[in-house]
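The values are calculated or read from the model by the stated rules, or taken from the named source; none is laboratory data. What you see is a predicted model, and the numbers here were worked out from it, not measured in a lab. Here the Cβ positions follow ideal geometry from the backbone for every residue, glycine too, while neighbour counts run over all protein chains shown. Accessible surface areas use protein heavy atoms only, side chains included; no ligands, DNA or RNA. Shrake-Rupley method; radii C 1.70, N 1.55, O 1.52, S 1.80 Å.
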Amino acid sequence: MTFFKRWNNIVGWAVFAIAAAVYLMTMEPVSSLWDCSEFIATSYKLEVGHPPGAPLFMMLARLATLFAFGNPDYVGVAVNAMNSIASAFCILFLFWTITHLAKKVVVKEGEECSMGQLCGIMGAGLIGALTYTFTDTFWFSAVEGEVYAMSSLFTAVVFWAILKWENVAFQPYANRWLIFIAYMVGLSIGVHLLNLLVIPAIVFIYYFKKYETTKWGIIKS
């Protein structure tokens, strides 16, 4: 493992721990006053929620409710905790996305980054990820039994995955990342349709990596 990868993993998991602790300590004790009560109830009994439905979320939340150990009083806590952990993972993948992009700007391809460059890249990731951790909208969704936290996680994973593909685009078996992305996008539809908004960004990254950039090429892509 390279010097950069080691610190990227260490700092990334530290950011995850901070986000998870914050969200778990501030999550709703039971439910918020909107769709959360419906999602918690339908997940607990594996029933059908309002259209268009969120079948994957329901199944994952049902697994989370098993940690209530049969006590209905803790079902809402279990679902909220699941979303808090999912949101913390979203912050982790956001951190890795930021450090990937920062490294491309700061470090020349094929070179190992210096200590100063490493500190700058890790600092960018820390500031970006922790700032997003405490933004009002994301924090609000991270601590309740709604679909947006898990949908944000899928979105973060898919965009991180296309950046991983970009690193190995011309190597054998690089397209396994594209298959993984297609699979994750398919799964995400069972939570929320937000993930579909990442597809145009994926198309552009693929185009810029695989083809010579032209005005008409950008328009067509």
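How many residues are out of contact with any helix residue (DSSP H, G or I) (no Cβ under 6 Å at 6 or more places or on another chain), more than 13 Å from Glu146 (Cα to Cα) and part of a helix (DSSP H, G or I) if we restrict to the range 29-54?
Going through the range 29-54 one residue at a time, the tally reaches 1.
Tell me, please, whether a residue that is out of contact with any Lys or Arg (no Cβ under 9 Å at 6 or more places or on another chain), farther than 30 Å from Pro52 by Cα and either at pLDDT 90 or above or of a type in the set (Lys, Arg) (or both) can be found in the range 179-190.
No, there is no match, as no residue in the range 179-190 is out of contact with any Lys or Arg (no Cβ under 9 Å at 6 or more places or on another chain), farther than 30 Å from Pro52 by Cα and either at pLDDT 90 or above or of a type in the set (Lys, Arg) (or both).
If the requirement is being in contact with a Leu (Cβ under 6 Å, 6 or more places away or on another chain) and open to solvent by less than 60 Å² (accessible area, probe 1.4 Å), which of these qualifies: Gly49, Gly12?
Gly12
For the range 100-141, which positions are hydrophobic (A, V, I, L, M, F, W, C), over 18 Å from Lys5 (Cβ atoms), part of a helix (DSSP H, G or I) and touching a residue at least 60 places away in the same chain (Cβ under 8 Å)?
The answer is Leu130, Trp139.
Looking only at residues that are surrounded by 16 or more Cβ atoms within 10 Å (Cβ to Cβ) and more than 24 Å from Lys108 (Cα to Cα) in the range 164-187, which one is farthest from the chain's Cα centre (by Cα)?
Of everything passing the filter in the range 164-187, Phe180 is farthest from the chain's Cα centre (by Cα).
Look through the range 188-221, keep the residues that are over 20 Å from the mean Cα position of the chain (by Cα) and outside any helix (DSSP H, G or I), and return whichever of them is surrounded by the most Cβ atoms within 10 Å (Cβ to Cβ).
Ser221
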